[in-house]
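J.: Dropping a structure here in structure tokens format, bear with me for questions.
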Amino acid sequence: MTAATWWAYEARRCGRQAVILPLAAALLAYLASTGGPGTGMLLGRTLLSCALPAATALACAAVVAREPALELHQSLPTPYPLTVARRLSWPAMVTAFAAVALVTLLSVTGDDSLDPGAVLLELAGLTVLLSGAAVWATVRSGSPAPATGLVVAAVLAKLLLLDRVLPEGAGQALPELLVGALLTARALKVLEPGARLGRTADPRVADGGM
């Protein structure tokens, strides 16, 4: 199997949501930000900062939950956490492309108040945080449903609490990047063979296979 064939296979295993969700969220954020006075500045700003990160987090949760043969992967030479990390790179790459395209289009349309670097940093921080939390919740529960609730709660906490306490930009993005990376690393650690937990990514396997 060539590298191209392998990556194409991994892309199919991720499912269409790995591409559709981030792109659809970026389009929604763009339309809300350029829809004119009737759209509302608050709605446009909210969707610009949260829609793409939330959609990416849900796509990552779906990627983790799609694998039906966990026991088989754990018997292969390639560590299963590495396989999951490789698959998560697909929604990550799509999101990076969508974020750059979104910010570029908004800059071209003449939004002089937009700071492209700050917006990209803010998107990166919240995306990593929400995605890490979603992957962790999915691995721990064996279902993407808790991840959905966690993402919604995190977005509400950001809009209602965090934005009132910490300034937007690096003040929020750097801690978000750190916490999100730690959650992702913890989730991948849980997927290692022999890791003991209440439930694994496959709900049929509990407490180390017992």
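J.: Check whether at least one residue in region 102-117 is in a helix (DSSP H, G or I), crowded, with 24+ Cβ neighbours inside 10 Å and out of contact with any Phe, Trp or Tyr (no Cβ under 9 Å at 6 or more places or on another chain), and report yes or no.
T.: no
J.: A further question on this structure: Would you please list the contacts, defined by Cβ atoms under 8 Å and residues six or more apart or on different chains, that run from a residue in region 1-21 that is modelled with pLDDT of 70 or more to a residue that is open to solvent by 80 Å² or more (accessible area, probe 1.4 Å) and of a type in the set (D, E, K, R)?
T.: Qualifying pairs under 8 Å: Arg13/Arg66; Cys14/Arg66; Gly15/Arg66.
J.: Tally time: how many residues in region 184-198 are open to solvent by 50 Å² or more (accessible area, probe 1.4 Å) and modelled with pLDDT of 85 or more?
T.: The total comes to 3.
J.: Tell me the residue from Ala181, Ala201 that is over 26 Å from Pro116 (Cα atoms) and either surrounded by 14 or more Cβ atoms within 10 Å (Cβ to Cβ) or at pLDDT 85 or above (or both), please. I'd like the intermediate steps shown before the answer.
T.: Working: Ala181 fails: over 26 Å from Pro116 (Cα atoms).
Among Ala181, Ala201, only Ala201 is over 26 Å from Pro116 (Cα atoms) and either surrounded by 14 or more Cβ atoms within 10 Å (Cβ to Cβ) or at pLDDT 85 or above (or both).
J.: Could you check region 57-88 and list, in sequence order, the residues that are among the hydroxyl-bearing types (Ser, Thr, Tyr) and either surrounded by fewer than 15 Cβ atoms within 10 Å (Cβ to Cβ) or modelled with pLDDT of 90 or more (or both)?
T.: Answer for region 57-88, where residues must be among the hydroxyl-bearing types (Ser, Thr, Tyr) and either surrounded by fewer than 15 Cβ atoms within 10 Å (Cβ to Cβ) or modelled with pLDDT of 90 or more (or both): Ser75, Thr78.
The values are calculated or read from the model by the stated rules, or taken from the named source; none is laboratory data. Source: prediction; values computed, not measured. In this analysis, Cβ positions are derived from the backbone assuming ideal geometry, glycine residues included, and neighbour counts consider all displayed protein chains. Just the protein is used for accessible areas: all its heavy atoms, side chains included, with ligands, DNA and RNA removed. Shrake-Rupley method; radii C 1.70, N 1.55, O 1.52, S 1.80 Å.
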